Amino acid sequence: MTDETNSVGKIIPVIMAGGKGTRLWPLSRASAPKQFIQFVGNQTLFQATLARVSDQTLYEPPLVITNEDFRFLVAEQARELGIKLGGILLEPTARNTAPAVAVAAALVANRFSEDAVLQVLASDHEIVADEGYFDAIRTAQQTAIAGKLVTFGISPTEPATGYGYIEVGERLSTGASRVKRFVEKPARADAQKMLSDGGFVWNSGIFMFKASQMLDEMSSFAPDVEKAARAALSKATSDLDFIRLDADAFAASPDISVDYAIMEKTSNAAVVVSSITWNDLGSWDAVWKLGARDEAGNVVLGNATVINTENSLVMSNNSHLAVLGLEGVAVIASEDAVYVGRLDDSQHVGKLVKHLAATKATAALTETHPTSYRPWGGYTSVLNGDRFQVKRLFVTPGKKLSLQKHHHRSEHWVCVKGTAEVTIGDEVKVVRENESVYIPQGEIHRLANPGKITLEMIEVQTGSYLGEDDIVRIADEFGRG
């Protein structure tokens, strides 16, 4: 794109979608984090973020920063909404937000202009994008054009201890205010005092700035971050729709957040104070506050029944949960784990996850999820045993798996929904609902969905080794080796 493309002053959104948070365990895990999960409504949090920056009169197509594991999830969830992306940047290793912001600023400066304005957003926040929200966006844009690094402050409604705070300074001509100071996540007594005293807002973690301004600040306060980011971008390679940052150059960057590296040091920080509805969904308590409550104050989602229960969150996407006689609790069931705890203590789920991760018998529960997503759809592990494994495959319309073979296993496929096109050796056959097909060990094969609805297959694997690394790909439309 040329400088002229951005001449109307459109904002370039930069969406951070690489986090592997587990604060909403057991639904959110390292391999399937909360930004790609549908908690409320009919969109995932990432999709809702995409929708907020879809106004083409205000925004350019968004840049998404993620990692290798989530690259196809990002592409597929954007495709489902029909939203064109400006690019998908792949981080080769986790390095917090400052390196990612530096890379985005450098890319935008090269692709658009140094004066282009970026908005950096988290992909896992729940925000009501009403007129007040877009008023705040426009105020931030004008403040960024004036040379400020802008953050968004949310007017607090309670003495929350899970958020950082910003003390608001004097008013600027643009309608924003100077940042007086940043405050770490406080103890409850300190949060109550800030709420009582006034002049403090929650730090939303949303930023807006000119590319050149951020790069200048990086050069002053975090030169090692800027240097590594520029090198990682200059040595980047293209792969399908993805931009792969150079691994060695990116790894040389310090592991630091943009708050610590820049925002707390610069004299150019500004804050736009807004009363928008915002939630970072950092705990089950936050999900409960967001949900639609019944007359007893319960939020019940999925397969669940509650009796004589008050002010509780009950969620299940698998087995039916029955909750009796409890108050103020979270009961969350995934396919392979159940979490039960008090809502007012749910900020500490991370401690539980660390404990599980440190124990060999439960470590996998914190990393992997029974359902894994692939660029063609995904699969759910149903049953594992000695020399056999059962999976449910789901294939998106028009998608196909790689042409592949296995050295150590054979497979039986049963079609339960939709129509499958199955390649076995030189033969291609159509498999309809209630029909099955057998794939001998070592035979080249492929599964495709030529239909208009999601294809569902039950796959029974048998053999001496059933690991996912026993896949020899002959051809793959997604560029996987």
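In the stretch 157-171, the residue that is most open to solvent (accessible area, probe 1.4 Å) out of those that are in contact (Cβ under 8 Å) with a residue 60 or more places away in the chain and out of contact with any strand residue (DSSP E or B) (no Cβ under 6 Å at 6 or more places or on another chain) is Thr161. Being more than 29 Å from Val74 (Cβ to Cβ), touching a residue at least 24 places away in the same chain (Cβ under 8 Å) and aliphatic (A, V, I, L, M) holds for only one residue in Val395, Val437, and it is Val437. On the stretch given as the stretch 15-44, residues that are β-branched (Val, Ile, Thr) and not in a loop (DSSP other than H, G, I, E, B) total 1.
Summed over the stretch 441-466, the residues that are touching a residue at least 60 places away in the same chain (Cβ under 8 Å) and either exposed (fewer than 12 other Cβ atoms within 10 Å of the Cβ) or among the acidic types (Asp, Glu) (or both) give a count of 3. Just one residue in the set Ile127, Ile145, Ile137 is open to solvent by 10 Å² or more (accessible area, probe 1.4 Å) and at pLDDT 95 or above; that residue is Ile145.
Here Arg178 clears all of (1) open to solvent by less than 40 Å² (accessible area, probe 1.4 Å); (2) modelled with pLDDT of 95 or more except the condition numbered (1). Within the stretch 409-423, the residues that satisfy the criterion of being in a strand (DSSP E or B) and open to solvent by 30 Å² or more (accessible area, probe 1.4 Å) are His412, Val414, Val416, Lys417, Glu421. Considering Leu240, Leu301, the condition of being modelled with pLDDT under 95 and farther than 25 Å from Glu126 by Cα is satisfied by Leu240 alone. Within the stretch 45-73, the only residue that satisfies the criterion of being assigned to a loop (DSSP other than H, G, I, E, B), open to solvent by less than 10 Å² (accessible area, probe 1.4 Å) and β-branched (Val, Ile, Thr) is Val53. Candidates are the residues of the stretch 220-269 that are farther than 30 Å from Leu73 by Cα and in contact with a strand residue (DSSP E or B) (Cβ under 8 Å, 6 or more places away or on another chain); the one that is most open to solvent (accessible area, probe 1.4 Å) is Glu264. Working only within the stretch 74-101, note down all residues that are among the small types (Gly, Ala, Ser), part of a helix (DSSP H, G or I) and open to solvent by 30 Å² or more (accessible area, probe 1.4 Å). Within the stretch 74-101, just Ala75 meets the criteria. In the stretch 425-440, of all residues being aliphatic (A, V, I, L, M) and either part of a loop (DSSP other than H, G, I, E, B) or open to solvent by 30 Å² or more (accessible area, probe 1.4 Å) (or both), the one that is farthest from Asp469 (Cα to Cα) corresponds to Val430. The residue of the stretch 125-156 that is farthest from Ser212 (Cα to Cα), among those that are of a type in the set (D, E, K, R) and touching a strand residue (DSSP E or B) at 6+ places or on another chain (Cβ under 9 Å), is Glu126. Residues that are under 18 Å from Thr97 (Cβ atoms) and without any contact (Cβ under 8 Å) to a residue 40 or more places away in the chain within the stretch 223-255 comprise Pro223, Asp224, Lys227, Ala249, Ala252, listed in sequence order.
Could you tell me which of the residues Val287, Val306, Val314, Val272 is within 23 Å of Ser123 (Cβ to Cβ), of a type outside the set (Lys, Arg), at pLDDT 95 or above and buried (at least 19 other Cβ atoms within 10 Å of the Cβ)? So the residue among Val287, Val306, Val314, Val272 that is within 23 Å of Ser123 (Cβ to Cβ), of a type outside the set (Lys, Arg), at pLDDT 95 or above and buried (at least 19 other Cβ atoms within 10 Å of the Cβ) is Val272.
The numbered conditions (1) open to solvent by 40 Å² or more (accessible area, probe 1.4 Å); (2) free of Cβ contacts under 8 Å to residues at least 24 places away in the same chain are all true for Gly198 except (1). With respect to Lys210, determine if the residue is of a type outside the set (Phe, Trp, Tyr), touching a strand residue (DSSP E or B) at 6+ places or on another chain (Cβ under 9 Å) and either surrounded by fewer than 15 Cβ atoms within 10 Å (Cβ to Cβ) or modelled with pLDDT of 95 or more (or both). Yes; evaluated as a whole, the condition is true for this residue. Among the residues of the stretch 323-345, are any assigned to a loop (DSSP other than H, G, I, E, B), over 29 Å from Ala187 (Cα atoms), open to solvent by 30 Å² or more (accessible area, probe 1.4 Å) and of a type in the set (A, V, I, L, M, F, W, C)? No, the conditions are met nowhere in the stretch 323-345.
Quick one: Gly378 ticks every box in (1) without any contact (Cβ under 8 Å) to a residue 24 or more places away in the chain; (2) more than 25 Å from Val472 (Cβ to Cβ) bar one, so which box is it? Result: Gly378 fails condition (2) only.
Applying the criterion of at least 2 residues that are aliphatic (A, V, I, L, M) to the strands (runs of 3 or more DSSP E) found wholly in the stretch 236-289 leaves 269-274.
Checking each residue in the stretch 362-401 for being crowded, with 17+ Cβ neighbours inside 10 Å, part of a loop (DSSP other than H, G, I, E, B) and modelled with pLDDT of 85 or more picks out Trp376, Thr396, Lys399, Leu401.
The values are calculated or read from the model by the stated rules, or taken from the named source; none is laboratory data. The structure presented is a predicted model; accordingly, all values stated were derived computationally and were not measured. No Cβ is skipped: glycine too gets one built from the backbone with ideal geometry, and neighbour counts run over all protein chains shown. Note: areas computed on protein heavy atoms with side chains; ligands, DNA, RNA excluded. Shrake-Rupley method; radii C 1.70, N 1.55, O 1.52, S 1.80 Å.
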